[in-house]
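A quick write-up on the structure given underneath.
No lab work stands behind these numbers, since they all come straight from the coordinates. The model shown is predicted, which means the values in this text are computed figures rather than measured ones. Cβ: placed from backbone, ideal geometry, glycine included. Neighbour counts: every protein chain shown.
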Amino acid sequence: MVPLSWYLIAAAALFCIGVYGVLARRNSVGILMGVELMLNAVNVNLVAFWRYLAPDNPAGQVFALFVLVVAAAEAVVGLALIISVYRDRRSIDAEQIDLLRW
Amino acid sequence: MTEETLVLLVWLIPALPLASFFINFLFLRGRDRAAHTVAIGAALGSFVLAQIVFWTAVGQGGEHLAEHPIALSIPWLPTGLTTLNMGVLTDPLTAVMLFMVPIAVLMIFIYSTGYSNINKAPDPHDEPGYAPHGREPLYSRFFGFLSLFAAGMLTLVVADNILLVFIGWEIMGLCSYLLIGFWYARTYPDAKKITPRQAAVKAFMTTRVADIFMLLGIAFLYSQTGSLSFREIFTAEATHHLAEVLFLGIPAAQVIFMLLFIGTIGKSAQFPLHTWLPDAMEGPTPVSAMIHAAAMVSAGVYMIIRMYPLLAGTAHEGHAPEFAPMFIVGAFTALFASTIAVAQNDVKKVLAYSTISQLGYMVAALGIGAYVAATFHLITHAFFKALLFMGSGSVIHGVEHGLHTAHNRAQLSAKAEQVLGHAEPPAEHGEQAEHNHGHSDPTAHEPKMDPQDMFNMGGLRKKMPVTFWTFLIGGFALSGFPLITAGFWSKDEILADAFKHNQLVFWVLALSAFLTAFYTMRQIGLTFLGKPRTEAAEHAHESHWTMLLPLVILAFFSITAGFVGVKSDFPGLGLLINGPFHAEPVSPFEHFLVPTVEQVVHFEPLFFNIFPLIVSFMVALGGLFLGWWVYGRKPLEAGQPDPLAARLGGLWFVLKNKYFIDELYNTAIVQPTNRLSAWVGEVFDRKGIDGVLHGIGNGALRMAEAFRSFDTSVVNGGADQLAESIKSFGRWLREIQTGRVQNYLLLALVSVVLLVALYITLFS
């Protein structure tokens with residue numbers, strides 16, 4: 001059987017890819033996709049821990065389902081924001097969206 | 001009338017003039033007729049009340065009144081275990097004063113309306129503070145002051161304790177200052193002549209010196225007896241206690257009395273503090289009458305008469321107490337002042353010195369124990385001296401009027417000459433122009449001739465008949481013209497007492513009585529007899545009726561007031577006045593007055609003695625005759641010097657200059673005091689106290705400067721620096737607020753990584 005650490009390494013790698021995407025992409029949609037990756041990395045962790053450490057307790061799976069729902073909602077809101085920004089500025093370049101500046 | 005009502009009346013007697021003072025001062029400025037109506041109304045009220053009290057007292061008789069005086073006192077000032085009471089007391093002595101004072105006050109008030117020219121319109125040239133030619137500009141103020149003066153005197157008379165006496169005493173001191181200096185702006189061309197302002201200060205300062213001693217006496221009395229109330233002090237017990245306690249080997253009673261007597265020396269102008277009184281003549285004449293007759297100087301004598309029982313314990317058995325300092329000072333002053341009066345030319349100054357001399361009489365009389373005679377003379381003297389002063393005021397008024405008439409006529413004739421084209425005198429022209437345009441300077445308006453100098457008068461008998469005859473009555477009363485004048489009876493009684501108790505005092509007083517008669521006749525001769533010596537006297541005319549009415553009334557009292565003092569063993573008259581059957585010689589006045597002090601003082605009966613009576617006759621008639629011989633027989637011509645001047649030579653010069661006492665005081669006291677004050681002011685005040693103060697001030701200033709630099713640099717600077725650095729830090733820090741989501745995320749990530757690293761290093 002595949003040991004737990006493999007899953008964790010894979011999840012960590014996935015997470016790092018997500019982080020990189022979030023930090024490095026200029027396209028806002030790309031950033032959103034990075035966030036999805038990070039969330040899914042967490043989901044992998046949750047399911048792996050449940051399967052290996054507490055198979056009797058379904059909390060891990062339930063958490064993973066919650067995360068999926070939240071991710072879906074987040075994607076909806078995020079995309080809506082992006083569309084709104086696009087309509088306003090004709091661009092979704094994250095470098096140019098600095099409305100929160102002082 | 002019940003006791004309570006009577007007491008209320010007594011309270012009201014001083015209260016009415018006091019109310020008049022406040023009303024005049026607060027509401028009646030510039031409303032002249034209302035002002036004198038209120039003042040005279042109050043005086044009249046006091047007079048009526050006083051008369052009611054007096055006649056009730058007479059009805060009750062002296063003995064009853066002395067045992068049951070009309071008195072009421074209220075606790076006024078709690079002092080520790082005891083309480084100072086304030087109240088009124090009407091015993092026989094107060095009653096006789098209540099007869100005299102309000103009459104004199106009322107007469108003076110009525111006279112003042114005429115003297116302040118109520119009958120004339122205000123003159124546009126007149127300014128406040130100068131002697132007026134039209135109606136007095138400060139009319140209501142004058143009546144206000146006079147009212148306060150009267151209130152002070154009446155307070156003193158009805159007081160039942162020495163403290164209230166002192167209060168009235170000081171009110172009068174203030175009023176004398178205000179009234180002597182009433183024409184405060186007046187100056188004279190002769191720089192040596194004292195101005196009203198200086199005279200006021202002099203009077204105030206001189207009496208103040210004496211008042212300090214009096215206050216010491218009161219304090220000593222209080223420390224010995226624990227009370228200031230007459231009724232508690234004048235008991236056999238208290239007076240014996242006072243006589244037994246020794247202070248520096250002298251009985252306390254005598255020490256206290258001496259201190260109080262010094263107060264009288266100042267107030268009643270006895271030697272050596274007499275110099276203020278002649279200068280007080282600078283005030284308006286009603287004021288002089290007020291000071292010399294109704295109030296002030298009488299108050300001095302009244303006070304020692306009132307306090308006389310204090311000495312009761314020091315007397316020999318069966319005798320009235322004597323007090324040597326008093327008869328020495330009194331007799332000396334009587335003679336001393338009458339010699340000066342002989343050589344004075346100012347009509348009011350003569351009377352001033354005569355007042356000093358007569359007060360000396362009273363003081364000397366009290367000093368030898370002639371309690372009744374001193375009081376009697378106080379009363380009669382007040383009447384005829386008020387009369388004489390007001391008479392002299394009337395004369396001055398008449399002469400001043402004459403001066404103006406003469407002045408105006410001279411101008412008119414000068415003008416007429418100019419118009420007719422006659423010789424044109426340029427000097428007069430200039431003077432006239434100056435006169436016409438001299439509105440701003442009232443002194444330019446002031447006549448050049450002295451209207452008070454008797455040598456500028458003469459012949460006024462025809463011009464001013466009422467003034468002349470009343471003045472003659474007053475003068476004769478002052479001289480002691482035998483049998484018909486009040487002055488004779490009181491003076492004779494003093495002389496008779498003196499003859500029995502102290503021969504030296506008797507002869508000194510007799511000599512001064514002779515001089516008194518002489519200078520009185522000299523005054524009458526110079527003023528009224530012969531022909532007018534100046535144009536002013538030529539044009540003088542009789543005064544307004546308001547000035548003459550008081551003269552006539554006082555003339556009446558100057559004659560009749562004497563008869564109450566006729567003793568029962570006086571040949572003829574005594575029987576007529578007193579009726580028969582008297583075991584001991586007594587007069588109605590004595591019978592009424594003596595019970596005041598009879599509980600503690602025992603007077604020995606004074607039997608009729610022909611010798612002092614003869615002396616009294618001789619000095620009065622002799623003095624009058626000599627005066628007439630020198631000044632009346634051949635009245636002086638204009639410009640003729642005083643015939644006595646040549647006869648007396650150097651002595652005349654000394655008398656004329658009042659024994660140089662003023663000069664002596666000036667050199668010995670006034671100037672050293674001024675120099676000392678200047679020195680103290682320069683060295684002690686300016687260099688010492690001011691130096692210390694300036695030093696402290698400068699030190700504080702320097703310290704404050706140091707503090708300020710600390711404040712600006714450290715406190716302010718520190719706070720500013722802190723704020724600045726926070727500001728620049730913030731400015732630097734806000735750079736991270738880029739607004740780009742990715743920067744924030746990166747920062748968050750780095751922070752998380754660092755925190756995790758920290759956690760791991762710390763907890764593993």
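Excluding A:Ser91 itself, calculate the net charge of residues whose Cβ lies under 15 Å from the Cβ of A:Ser91, where each Lys or Arg counts +1 and each Asp or Glu counts -1.
In short, +2.
Report, as an integer, the average count of C-beta atoms from other chains found within 10 Å of each Cβ along B:171-183.
Details: counts 0, 0, 0, 0, 0, 0, 0, 0, 0, 0, 0, 0, 0.
Across the residues of B:171-183, the mean count of other-chain Cβ atoms within 10 Å is 0.
Report, to two decimal places, the Cα Rg of the protein assembly as shown normalised by 2.2 N^0.38 Å (N = number of residues). Walk me through the numbers before you get to the answer.
Details: Rg = 51.0 Å, N = 866, 2.2 N^0.38 = 28.8 Å.
Taking N as the residue count of the protein assembly as shown, the ratio is 1.77.
By average Cβ neighbour count within 10 Å, what is the ranking of B:404-415, B:728-739 from highest down? Provide the component values of the computation, followed by the final result.
Details: B:404-415: 14.3, B:728-739: 10.5.
Most protected by this proxy first, the peptides run B:404-415, B:728-739.
Per residue of the stretch B:654-663, in order, report the coupling 6.51 cos²θ - 1.76 cosθ + 1.60 (Karplus, θ = phi - 60°) as ³J(HN,Hα) in whole Hz, putting x for Gly and Pro.
These are the phi-based 3J(HN,Hα) values: 5, 5, 4, 9, 6, 6, 6, 5, 4, 5 Hz.
Hey, how many Å between the Cα centroid of the stretch B:29-77 and the Cα centroid of the stretch B:685-759?
Comparing the Cα centres of the stretch B:29-77 and the stretch B:685-759, I get a distance of 82 Å.
What is the set of long-range amide H partners of B:Leu84 at a cut-off below 5 Å, with H atoms built 1.01 Å from backbone N?
The list, which skips near neighbours in sequence, is B:Trp76, B:Leu77, B:Thr79.
Take peptides B:363-374, B:322-333 and line them up by average Cβ neighbours within 10 Å, highest first, as a rough protection proxy. All intermediate terms of the calculation are to be shown ahead of the outcome.
Working: B:363-374: 28.7, B:322-333: 22.1.
Taking the mean over residues of other Cβ atoms within 10 Å, the ranking is B:363-374, B:322-333.
What FRET efficiency comes out for B:Tyr665 versus B:Ser709 if R0 is 60 angstrom and r is the Cβ-Cβ distance? Round to the nearest 0.05.
Details: r = 60 Å, r/R0 = 1.00.
My answer for the efficiency is 0.50.
Applying a 10 Å radius around every beta-carbon, put B:222-230, B:112-120, B:488-496, B:689-697 in order of their mean neighbour count, most first.
On the way: B:222-230: 18.6, B:112-120: 20.9, B:488-496: 27.6, B:689-697: 10.7.
Result, highest mean Cβ count within 10 Å first: B:488-496, B:112-120, B:222-230, B:689-697.
For the pairs B:Lys348/B:Lys656; B:Lys202/B:Lys491; B:Lys267/B:Lys491; B:Lys120/B:Lys385; B:Lys120/B:Lys531, note any where the Cα-Cα span goes beyond 20 Å. Before the final figure, lay out the partial values.
On the way: B:Lys348/B:Lys656 14 Å; B:Lys202/B:Lys491 31 Å; B:Lys267/B:Lys491 22 Å; B:Lys120/B:Lys385 28 Å; B:Lys120/B:Lys531 29 Å.
Correct reply: B:Lys202/B:Lys491; B:Lys267/B:Lys491; B:Lys120/B:Lys385; B:Lys120/B:Lys531.
Mind checking the angle between helix B:545-560 and chain B's longest principal axis? C-alpha axes, 0 to 90 degrees, to the nearest 10.
With both axes taken from Cα atoms, the answer is about 60 degrees.
Once amide H atoms are placed 1.01 Å from N in the peptide plane, what residues at a sequence separation of 5 or more from B:Phe247, or on another chain, have their amide H within under 5 Å of its amide H?
B:Ala252
For helix A:28-53, what angle does its Cα long axis make with the longest principal axis of chain A, in degrees from 0 to 90 and rounded to 10?
Once rounded, one gets 10 degrees.
For peptide A:18-28, how many partner chain Cβ atoms fall within 10 Å of a residue's Cβ, on average? Intermediate values should be presented prior to the final figure.
On the way: counts 0, 3, 0, 0, 5, 6, 2, 1, 1, 0, 1.
Average per residue, whole number: 2.
Using modelled amide H (1.01 Å from N, peptide plane; none on Pro or chain starts), what sits under 5 Å from the amide H of B:Ala71, excluding residues fewer than 5 places away?
Answer set, sorted by chain and number: B:Thr90.
Note down the magnitude of the dipole of the stretch B:108-180 about its Cα centre, charges +1 on Lys and Arg C-beta and -1 on Asp and Glu C-beta and zero elsewhere, to the nearest 20 debye.
On the way: 3 positive and 6 negative charges, 26 e Å.
Here the stretch B:108-180 has a charge dipole of around 120 debye.
What's the Kirkwood radius of the stretch B:481-537 in Å, using all Cα pairs? Kindly include the intermediate steps, with their values, before the conclusion.
Values: mean 1/r = 0.0752 Å⁻¹.
In the stretch B:481-537 this quantity evaluates to 13.3 Å.
Which value, in debye to the nearest 20, describes the size of the charge dipole of the stretch B:662-763 about its Cα centre when Lys and Arg Cβ atoms bear +1, Asp and Glu Cβ atoms bear -1, and nothing else is charged? Mind dumping the intermediate values first?
Details: 9 positive and 10 negative charges, 169 e Å.
For the stretch B:662-763, the charge dipole is close to 800 debye.
At 20 °C and 1.002 mPa s, grab the translational diffusion coefficient of chain B from Stokes-Einstein with a Kirkwood Rh over Cα pairs, rounded to a whole number in µm² per second.
Numbers: Rh = 29.4 Å.
Answer, rounded: 73 µm²/s.
How many nm separate the modelled label positions at B:Val209 and A:Val69, each set 7 Å beyond the Cα in the direction of the Cβ?
11.8 nm
Per q in 0.12, 0.16, 0.17, 0.26 Å⁻¹, report the Debye log10 I(q)/I(0) for the stretch A:4-89, using one uniform scatterer on each alpha carbon and no solvent.
Ignoring solvent entirely, the Cα scatterers give -0.43, -0.67, -0.73, -1.18.
Modelling each spin label as a point 7 Å along the Cα-to-Cβ direction, I'd like the A:Asp56/A:Ser84 distance in nm, to one decimal.
Placing both labels 7 Å along Cα→Cβ, they lie 4.8 nm apart.
Only Lys, Arg, Asp and Glu count, each charged at its Cβ (+1, +1, -1, -1), so figure out the dipole size of the protein assembly as shown about its Cα centre, rounded to 20 debye. Let's see the in-between values first.
Numbers: 51 positive and 62 negative charges, 404 e Å.
In debye, rounded to 20, the protein assembly as shown gives about 1940.
Under 13 Å from the Cβ of B:Ala373, count the other residues' Cβ atoms, weight Lys and Arg +1, Asp and Glu -1, and hand me the total. Please list the in-between numbers first.
Working: positive: B:Lys491, B:Lys500, B:Lys567; negative: B:Asp492, B:Glu493, B:Asp497, B:Glu590.
After counting each charged neighbour, the total is -1.
Quick check on chain B: helices-only [θ] at 222 nm, where DSSP H runs of length 4 and up contribute -39,500 (n - 2.57) each and the sum goes over total residues. Nearest 500, please. The partial results should precede the final answer.
Values: 34 runs with 506 residues, N = 764.
My calculation for chain B gives -21500 deg cm²/dmol from helical runs alone.
Which value in nm describes the separation of the simple spin-label points at B:His602 and B:Glu232, placed 7 Å from the Cα toward the beta carbon?
Taking the simple label geometry, B:His602 and B:Glu232 are separated by 2.8 nm.
Under the Karplus relation 6.51 cos²θ - 1.76 cosθ + 1.60, θ = phi - 60°, what is the ordered set of whole-Hz ³J(HN,Hα) values for the stretch B:73-79, x standing for Gly and Pro?
Values per residue, Gly and Pro as x: 9, 10, x, 10, 9, x, 10 Hz.
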